[in-house]
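The structure appears below as structure tokens.
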Amino acid sequence: MEYYCYKDAFDAVVQDNDGVLPDLYEVFNFIIYCRPSNLEGPLTVAEIVAYALIEASEAKVSSPAGALQVPYVAAVVGELPYLDKLLDQAVASLN
């Protein structure tokens, strides 16, 4: 499957596993378009969670005028960043 950001991949993993995270060592062969080009091969659940948390935390950072822009993170307009939701789901996981 193909995703534009790690948050979307994280949501797909949780949805496919009845609302909980699978074993953190389970592997998914997702195509994620924002993935750094130096990373190859399938991702573990732990990597998907880590990158999704990084995306969510970067989305909360506001840069001053003239500073480098934060990388694009897809989000529904009007919704708050997903860091709290991701952390709640990670804590509630059976792992």
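What follows is calculated from the coordinates using simple rules that are stated; it is not laboratory data. Here the structure is a predicted model, which means the values were calculated and not measured. A quick note on method: Cβ atoms are made from the backbone with ideal geometry, for glycine too, and the neighbour counts reach across all protein chains shown.
Worth pointing out:
- Sorted on the mean count of surrounding Cβ atoms within 10 Å across their residues, most packed first, peptides 45-56, 8-19 read 45-56, 8-19.
- Tensor-based shape of segment 3-46 (alpha-carbon gyration tensor, a/c under 1.5 rounded, otherwise prolate or oblate): oblate
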